[in-house]
Amino acid sequence: ALTPEARAFLAAHGQGDARVALGALELAARIARARKTRTLDLPLLEEAAQQRALRYDKGGEEHYNVISAFIKSMRGSDPDAAVYWVMRMLEAGEDPLFIARRMVIFAAEDIGNAEPQALQLAIAARDAVHFVGLPEGRIPLAQAATFLATCPKSNAAYAAMQAASEEVRRTGALPVPLHIRNAPTPLMKGLGYGA
């Protein structure tokens, strides 16, 4: 049970960000469980709020430093570091779906066809996190992070996409060659479409 004083503290502590308030509430629930109590009172919420003081400004530089460290850990094939950065973000209150989105991008951009199942696993982790939420959603995130970190890497598909995009910008809307056009009518076939 959440006492009225604890409810008021939680609302003030969140400062309009429900994720901050929910994070403090989840931590308070863990502390209460460990102490075998069912009452979430003001002292317990204050203790939980103080434990949440990891430096992580979601809109600022530290946010980008931490996500960069996470990506570089996976890129560098270091599964332990990758999981560390996942947990660092989650403990600081990062949206788990943000982490999952970064893994989906990483699977396509950095692993690509070197391990085609990487993208499937990243999507599955995103779906699992969305389905089960936190705290259990940490498990599929950790599984995906370790898998992606240990996959062989190839950015060939990403490089091909970039090169093709540059070619389109450089050459514009070139006509489709006749031999690879659709030929649904005898007249079009007669003109060489689809030959």
Checklist line | Two-site FRET efficiency, A124 against D17, from Cβ-Cβ distance with R₀ of 30 Å, rounded to 0.05 | finding: 0.55
Margin query: Given a 1.4 Å probe and heavy atoms of the protein chains only, how would you sort F9, F70, largest accessible area at the top?
Written below: F9, F70
Check: So what is the relative contact order of the chain, in percent, for Cα pairs below 8 Å that sit 6 or more residues apart?
Finding: 17 percent
Note to self: Rounding to the nearest 10 and keeping the result within 0 to 90°, find how far the Cα-based axis of helix 79-91 lies from the longest principal axis of the chain.
What the structure shows: 60 degrees
Checklist line | Amide hydrogen neighbours beyond the local backbone of L40, cut-off 5 Å, H modeled | finding: L2, T3
Notebook entry, point to check: Calculated FRET efficiency, A1 and S77, Cβ-Cβ r, R0 41 Å, to nearest 0.05?
Noted result: 0.30
Checklist line | Degrees separating the helix 138-150 axis from the principal Cα axis of the chain, which is the longest one | finding: 40 degrees
Checklist line | Accessible-area order (highest first, 1.4 angstrom probe) of the listed residues V176, V86 | finding: V176, V86
Check: When Kirkwood radius over Cα pairs in Å is calculated directly from the model, which label among (1) 17.2; (2) 18.9; (3) 20.1 fits?
Finding: (3)
Notebook entry, point to check: Taking the Cα-to-Cβ direction at D95 and at L191 and moving 7 Å from each Cα, how far apart do the two end points lie in nm?
Noted result: 4.9 nm
Checklist line | Under Karplus coefficients 6.51, -1.76 and 1.60, residue-wise ³J(HN,Hα) of the stretch 9-23 in Hz, glycine/proline x | finding: 4, 4, 5, 5, 5, x, 6, x, 9, 4, 5, 5, 4, 5, x
Notebook entry, point to check: Helix 156-171 versus the longest principal axis of the chain: what is the Cα-based angle in degrees, 0 to 90, to the nearest 10?
Noted result: 60 degrees
Notebook entry, point to check: Considering only protein heavy atoms, what per residue accessible area in square angstrom results for the stretch 1-155 with a 1.4 angstrom probe?
Noted result: 54 Å²
Item checked: Relative contact order [Cα under 8 Å, 6+ residues apart], the stretch 97-194, whole percent -> 28 percent
Item checked: Given charges at Cβ of Lys, Arg, Asp, Glu: the stretch 6-138 dipole, positive-most of G137, F9, S73 -> F9
Notebook entry, point to check: Along the stretch 106-111, what does the Karplus equation 6.51 cos²θ - 1.76 cosθ + 1.60 (θ = phi - 60°) give for ³J(HN,Hα), rounded to whole Hz, x for Gly and Pro?
Noted result: 4, 4, 7, 7, 9, 9
Next item on the list: Give the ranking of M87, M74 by solvent-accessible surface, highest area first, calculated with a 1.4 Å probe.
Entry: M87, M74
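The values are calculated or read from the model by the stated rules, or taken from the named source; none is laboratory data. Everything quoted here is computed from the prediction, not taken from an experiment. So basically every Cβ, Gly included, is an ideal-geometry build from the backbone, and we count neighbours across all protein chains shown. Calculation scope for accessible area: heavy atoms of the full protein, side chains included, ligands and nucleic acids excluded. Shrake-Rupley method; radii C 1.70, N 1.55, O 1.52, S 1.80 Å.
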